[in-house]
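Beneath this line is the structure, given in structure tokens, with notes to follow.
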Amino acid sequence: MEIYQQITLAKLANKKLLAVLLDPDKLPLEKVGLLVAKINQSPATHIFVGGSHVVNDTIGQLITYIKQDCDLPVILFPGNPSQISAQADGILFLSLISGRNPDYLIEHQVNAVPILKKTQLEIIPTGYLLIESGHETAVSRVSQTQPLDNNNIDYIVHTAQAGEMLGKKLIYLEAGSGAKYAVAPEIIKAVSQNIEIPLIVGGGIKNQKGIALAYDSGADLVVIGTAFENDPNFFD
């Protein structure tokens, strides 16, 4: 079964999903085995690989190591085309629809096409919305875009709806890596109630209570990154 079909069926069944985000720049290869063992013992359903500013070239090797000991789908979460690896199972084909930088709206996607055509990756068009989270995040800095004002919920909802109308298959609300605070429950709820496609929420979620709050607010898939990187026993 394809990854996107699994996500949509889970949404229909009200089964909540969880992705662990691994950033190649923050993860020495010698620690992969330990983290994968922890992931296998966790409630995670997916592994995301990528970051805003990956500078090393170990993504393919990292994914190979993950797949040696883990059967979860590995999905690329790329900041630019250099982060594409055929070793993965799929890719969130991100368009930063909260910003107005053409590189992140369409240019990186155009440049990715020749690379993607040589792979068997499942391509999942994703509308990516950066939400204000208390300080400048790596996403904002690298993309040179401003996050959406978390007090203007109507505009956030309309942006998500525009993404859906443009044909995106997922909407991803992102507070940013290491965000001061997570996407507010009222934002998650408003977006969830006004789109039909699955909703991903990530950034700033620091504990299992935060995961549960995002689920209760309407997230279909929650992403944990920094909190797990800092504490491999996060799920113990």
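Observations, loosely collected:
- For Leu166, the requirement of being aliphatic (A, V, I, L, M), exposed (fewer than 14 other Cβ atoms within 10 Å of the Cβ) and over 18 Å from Gly79 (Cβ atoms) is met.
- Considered as a group, the residues in the stretch 56-77 that are at pLDDT below 95 and part of a loop (DSSP other than H, G, I, E, B) include one that is least open to solvent (accessible area, probe 1.4 Å), and that residue is Thr58.
- Subset of the stretch 211-226 [in a helix (DSSP H, G or I) and open to solvent by less than 20 Å² (accessible area, probe 1.4 Å)]: Ile211, Ala214, Ser217
- Selected residue [under 30 Å from Gln193 (Cβ atoms), in contact (Cβ under 8 Å) with a residue 24 or more places away in the chain and either open to solvent by 40 Å² or more (accessible area, probe 1.4 Å) or β-branched (Val, Ile, Thr) (or both)] from Gln161, Gln144: Gln161
- Ser143 satisfies every condition listed in (1) modelled with pLDDT under 95; (2) among the hydroxyl-bearing types (Ser, Thr, Tyr); (3) within 15 Å of the chain's Cα centre (by Cα) except (3).
- Count of the stretch 107-147 residues, restricted to those that are over 19 Å from Leu173 (Cα atoms) and among the basic types (Lys, Arg), is 2.
- Identity of the residue in the stretch 10-44, within 22 Å of Tyr104 (Cβ to Cβ) and acidic (Asp, Glu), that ends up modelled with the highest pLDDT: Asp23
- Restricting attention to the stretch 32-65, the residues that are of a type in the set (S, T, N, Q) and farther than 23 Å from Gly176 by Cα add up to 4.
- Selection within the stretch 45-55: residues that are at pLDDT 95 or above and touching a helix residue (DSSP H, G or I) at 6+ places or on another chain (Cβ under 9 Å). The member of this set that is farthest from Ile211 (Cα to Cα) is Val49.
- Subset of the stretch 88-131 [within 19 Å of Gly176 (Cα to Cα), open to solvent by 30 Å² or more (accessible area, probe 1.4 Å) and aliphatic (A, V, I, L, M)]: Leu105
- Residue tally, condition closer than 27 Å to Asn207 by Cβ and at pLDDT 95 or above, over the stretch 158-180: 7
- Selection within the stretch 181-210 - in a helix (DSSP H, G or I) and open to solvent by 10 Å² or more (accessible area, probe 1.4 Å): Pro185, Glu186, Lys189, Ala190, Ser192, Gln193, Asn194, Gln208, Lys209, Gly210
- Residues in the stretch 113-140 that are of a type outside the set (S, T, N, Q), under 19 Å from the mean Cα position of the chain (by Cα) and at pLDDT 95 or above: Leu116, Leu121, Glu122, Ile123, Ile124, Pro125, Gly127, Tyr128, Leu129, Leu130, Ile131, Glu132.
- Among residues of the stretch 11-46, those that are crowded, with 17+ Cβ neighbours inside 10 Å and more than 14 Å from Leu72 (Cα to Cα), counted: 6
- Residue in the stretch 177-199 that is touching a residue at least 60 places away in the same chain (Cβ under 8 Å), out of contact with any helix residue (DSSP H, G or I) (no Cβ under 6 Å at 6 or more places or on another chain) and among the hydrophobic types (A, V, I, L, M, F, W, C) present: no
- Selection from the stretch 78-90 of residues that are touching a Pro at 6+ places or on another chain (Cβ under 7 Å) and either β-branched (Val, Ile, Thr) or assigned to a loop (DSSP other than H, G, I, E, B) (or both): Ile84, Asp89
The values are calculated or read from the model by the stated rules, or taken from the named source; none is laboratory data. Model, not experiment: these values are computed from the prediction. Note that we place each Cβ from the backbone using ideal geometry, even for glycine, and neighbour counts take in every protein chain shown. Surface areas here come from the heavy atoms of the whole protein model, side chains and all, with no ligands, DNA or RNA. Shrake-Rupley method; radii C 1.70, N 1.55, O 1.52, S 1.80 Å.
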